[in-house]
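Have a look at the structure below before the remarks.
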Amino acid sequence: EYRGKSSKLLILIFVAVLLLEAAVIFVLCSKKSLPLQYSFAILAILLGLFINIVFPPLGVPDEKLHFKQSYEIASNILHPFDKTKVYENDRLLIRATDYDSIYYLHSAASIAGWYEGLWDKADKTPVPIDTGVTVTSSGKYAYFFGAVGIIFARVLGMNGHWLLLFGRFFNMAACVTIICFAIKMAPMKKSLFMLIAL
């Protein structure tokens, strides 16, 4: 669907981010006292936020299925003793507003439309969907941080777009934290490790 309508805007954002990254790297390199893992955390969060803003959720293959997996875990944490609020006839129950969000498949041309939906009111009517997923990871821990982000947005009554974003943000924060510890524990080549991680 993309016809280049936003090409000038995307080029402008790209140049702005390159300049921002260069400025941040310069500042971090000039402060020799700052441990490398903290420099990594600052850069990774800045770049991660940028990527999440420019590429809204559901632009990646299978992201919808991963979101459903996290959503199911979030529902089971929120309603551990009342499965009628989580499932209906073995089908996952989600809020109507979340159903609309996870089935909103967009292209580069529809990014602006996706962000307009951020301010829509959340419709909390429960809607059953197919619970089947084709993701390869069966470890529930792999979806734990995304589920925590979804719980955070649901408790605040946010719509489905925010659930997708907070799921991503919490995943990013967990990933950055793990890599920070890895850089700190690495016995050598910390700068190379940081570069590859970024």
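The values are calculated or read from the model by the stated rules, or taken from the named source; none is laboratory data. Here the structure is a predicted model, which is why all the values come from computation and not from measurement. Cβ atoms come from the backbone with ideal geometry, glycine included; neighbour counts cover every protein chain shown. Heavy atoms of the whole protein, side chains included, go into the accessibility calculation; ligands, DNA and RNA do not. Shrake-Rupley method; radii C 1.70, N 1.55, O 1.52, S 1.80 Å.
Sorting the segments 155-161, 142-148, 81-87, 124-130 by their mean number of nearby beta carbons within 10 angstrom, highest to lowest, gives 142-148, 155-161, 124-130, 81-87.
By the rule of a C-alpha distance below 19 Å, with chain neighbours fewer than 8 residues away ignored, the aspartates and glutamates paired with LYS121 are ASP98, ASP100.
Determine the gain in length on full extension of the stretch ALA197-ILE45; use 0.36 nm per residue of separation and subtract their C-alpha separation, reporting nm with one decimal. Walk me through the numbers before you get to the answer.
Working: separation 152, 0.36 × 152 = 54.72 nm, distance 1.20 nm.
This chain segment gains 53.5 nm when fully extended.
SER75 sits among other residues whose Cβ lies under 11 Å from its own Cβ, and their net charge, with Lys and Arg +1 and Asp and Glu -1, is +2.
Given a 1.4 Å probe and the protein chains as shown, ILE94 ends up with an accessible area of around 10 Å². Close amide H partners of ARG95, meaning residues 5 or more places away or on another chain with modelled amide H under 5 Å apart, are VAL127.
R0 = 35 Å: FRET efficiency of TRP119 with LYS83, Cβ-based, nearest 0.05?
Working: r = 33 Å, r/R0 = 0.94.
Result of the calculation: an efficiency of 0.60.
Counting only heavy atoms of the protein chains and using a 1.4 Å probe, ARG168 has close to 40 Å² of accessible surface.
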